[in-house]
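Engineer: Structure incoming, see below.
The values are calculated or read from the model by the stated rules, or taken from the named source; none is laboratory data. Just so it is clear, the model here is predicted, and its values are computed rather than measured. All Cβ positions, even for glycine, are placed from backbone atoms using ideal geometry, and neighbour counts span all protein chains on display.
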Amino acid sequence: MTYLKLLLVRHAQSLGNCQGQLEGQSSTALSAEGHRQAQCLTQALMTASRPTYLYSSPLLRAMQTAHYLTEALQPQDDFFKLQPDADLQEMHQGIFQGLTWTEAEAHYPGVCAQLMATLAWQPVPQAESITAARSRSQRWLDRVLSNHQPGDVIWTVSHEGLMQQLISVVMGCDRTWKIPIAHTAIFEFWLADTQWQRLTHDRYNPEYWRLHRFNDCTHLSDR
């Protein structure tokens, strides 16, 4: 059986992550630890199936992570290119963007108090809604399924918040599960069919959809 192999990877640690920033669609460079994580990720993925496509969020922390992969791949293929994709960006954090939570509480105490008072979704002024992020994730997946086919190997570098939605739409969930996604964690899905709407009972045939790695960070162990 031939599968489309789709790997979703979170970027390595950024300087903003170290400072506890809500970076959203702002971006800082990788930290020293982030560079180490990206190197470990690259070493691990070089033993996997070689990608035919490499997509990345255009934000700096993701592009720097993806650059390590591109540099490792190019000696084997001078024509291999990294393809930035705006739909893979992190969710915009609105008025919180670039702030730490402590700074957000100091600047916007009322909004923060509302957010902490209930699990129900509360809009943050100027921020992207979770519904919009879900739609963006579905749009990206639909485009991938339209442009690619079984036999392709796709590596994708994105962000924790958006990956919550990406994983949900890839798995066909009707809700989004909270997954603590570590830096450079790998999720690997094998899809035997990209025209899901044509399937009947085979939609429920697990041979069509294989989960090979889920939140895999073993490449960071003992390093």
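Engineer: Kindly indicate which of LEU7, LEU15, LEU30 is touching a strand residue (DSSP E or B) at 6+ places or on another chain (Cβ under 8 Å) and over 30 Å from CYS112 (Cα atoms). Steps first, answer last, please.
Structural biologist: Values: LEU15 fails: over 30 Å from CYS112 (Cα atoms); LEU30 fails: over 30 Å from CYS112 (Cα atoms).
From the options LEU7, LEU15, LEU30, the qualifying one is LEU7.
Engineer: Answer yes or no as to whether THR131 is under 19 Å from the mean Cα position of the chain (by Cα), in a helix (DSSP H, G or I), within 26 Å of GLU23 (Cα to Cα) and of a type in the set (Ser, Thr, Tyr). It would help to see each step written out before you state the result.
Structural biologist: Numbers: under 19 Å from the mean Cα position of the chain (by Cα): yes; in a helix (DSSP H, G or I): yes; within 26 Å of GLU23 (Cα to Cα): yes; of a type in the set (Ser, Thr, Tyr): yes.
The answer is yes for THR131.
Engineer: I need a count of the residues in segment 59-71 that are exposed (fewer than 15 other Cβ atoms within 10 Å of the Cβ) and either within 14 Å of HIS11 (Cβ to Cβ) or touching a helix residue (DSSP H, G or I) at 6+ places or on another chain (Cβ under 6 Å) (or both).
Structural biologist: Within segment 59-71, the subset exposed (fewer than 15 other Cβ atoms within 10 Å of the Cβ) is 71.
Those still in the list that are either within 14 Å of HIS11 (Cβ to Cβ) or touching a helix residue (DSSP H, G or I) at 6+ places or on another chain (Cβ under 6 Å) (or both) too: none.
So the count comes out to 0.
Engineer: Let me ask something additional. Residues to consider are VAL144, VAL157; find the one that is part of a strand (DSSP E or B), of a type in the set (A, V, I, L, M), within 22 Å of ARG50 (Cα to Cα) and touching a residue at least 40 places away in the same chain (Cβ under 8 Å).
Structural biologist: On the way: VAL144 fails: part of a strand (DSSP E or B).
None of the other options fit; the residue is VAL157.
Engineer: For segment 179-212, give me the residue count where each residue is closer than 21 Å to SER57 by Cα and charged (D, E, K, R). Before the answer, list the steps.
Structural biologist: If we filter segment 179-212 for residues that are closer than 21 Å to SER57 by Cα, which is where we start, we get 179-189.
If we keep only those that are charged (D, E, K, R) as well, we get 188.
Residues that pass the stated criteria total 1.
Engineer: Next question. Go through segment 190-215 residue by residue and tally those that are over 13 Å from the mean Cα position of the chain (by Cα) and either among the charged types (D, E, K, R) or in a strand (DSSP E or B) (or both).
Structural biologist: Of all residues in segment 190-215, those over 13 Å from the mean Cα position of the chain (by Cα) come to 190-213.
From what is left, the residues that are either among the charged types (D, E, K, R) or in a strand (DSSP E or B) (or both) are 190-191, 193, 198, 202-203, 207, 209-213.
Residues meeting the conditions: 12.
Engineer: In addition: Tally the residues that are assigned to a strand (DSSP E or B) and either among the acidic types (Asp, Glu) or more than 16 Å from TRP155 (Cα to Cα) (or both), restricting the search to segment 4-51. Outline the logic, then answer.
Structural biologist: Taking segment 4-51 as the starting set, the residues that turn out to be assigned to a strand (DSSP E or B) are 4-10, 14, 21, 30.
Cutting the leftovers down to either among the acidic types (Asp, Glu) or more than 16 Å from TRP155 (Cα to Cα) (or both) gives us 14, 21, 30.
So the answer is 3.
Results for (1) more than 22 Å from GLY24 (Cβ to Cβ); (2) basic (Lys, Arg); (3) touching a strand residue (DSSP E or B) at 6+ places or on another chain (Cβ under 9 Å), shown as yes or no for each residue.
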| site | (1), (2), (3) |
| --- | --- |
| GLN138 | no, no, no |
| VAL170 | yes, no, yes |
| ILE179 | no, no, yes |
| PHE189 | yes, no, yes |
| THR194 | yes, no, yes |
| GLU207 | yes, no, no |
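Engineer: Taking interchain pairs and intrachain pairs at least six residues apart, which have beta carbon atoms under 6 angstrom, with the first residue in segment 107-121 and within 26 Å of TRP177 (Cβ to Cβ) and the second of a type outside the set (Val, Ile, Thr) and surrounded by 10 or more Cβ atoms within 10 Å (Cβ to Cβ)?
Structural biologist: Once the first residue is within 26 Å of TRP177 (Cβ to Cβ) and sits in segment 107-121, its partners that are of a type outside the set (Val, Ile, Thr) and surrounded by 10 or more Cβ atoms within 10 Å (Cβ to Cβ) give CYS112/ALA104; CYS112/GLU105; GLN114/GLN122; LEU115/GLN122.
Yes or no, residue by residue, for (1) in contact with a Leu (Cβ under 9 Å, 6 or more places away or on another chain); (2) modelled with pLDDT of 95 or more; (3) surrounded by 16 or more Cβ atoms within 10 Å (Cβ to Cβ):
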position: GLY20; (1), (2), (3): no, yes, no
position: THR47; (1), (2), (3): no, no, no
position: SER57; (1), (2), (3): yes, yes, yes
position: ASP77; (1), (2), (3): no, no, no
position: PHE80; (1), (2), (3): yes, no, yes
position: ALA86; (1), (2), (3): no, yes, no
position: GLN89; (1), (2), (3): yes, yes, yes
position: LEU99; (1), (2), (3): yes, yes, yes
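Engineer: Go through (1) in a helix (DSSP H, G or I); (2) under 17 Å from ALA86 (Cβ atoms) and name the single condition SER168 misses.
Structural biologist: Just one mismatch for SER168, condition (2).
Engineer: Also, I was wondering about something else. Kindly evaluate ASP152 against the criterion of being surrounded by 12 or more Cβ atoms within 10 Å (Cβ to Cβ), within 30 Å of CYS18 (Cα to Cα) and not polar (S, T, N, Q).
Structural biologist: Details: surrounded by 12 or more Cβ atoms within 10 Å (Cβ to Cβ): yes; within 30 Å of CYS18 (Cα to Cα): no; not polar (S, T, N, Q): yes.
It is false that ASP152 is surrounded by 12 or more Cβ atoms within 10 Å (Cβ to Cβ), within 30 Å of CYS18 (Cα to Cα) and not polar (S, T, N, Q).
Engineer: What's the number of the only condition in (1) under 22 Å from the mean Cα position of the chain (by Cα); (2) among the charged types (D, E, K, R); (3) within 15 Å of GLN21 (Cβ to Cβ) that GLU103 fails to meet?
Structural biologist: Going through (1) under 22 Å from the mean Cα position of the chain (by Cα); (2) among the charged types (D, E, K, R); (3) within 15 Å of GLN21 (Cβ to Cβ) one by one, GLU103 breaks only (1).
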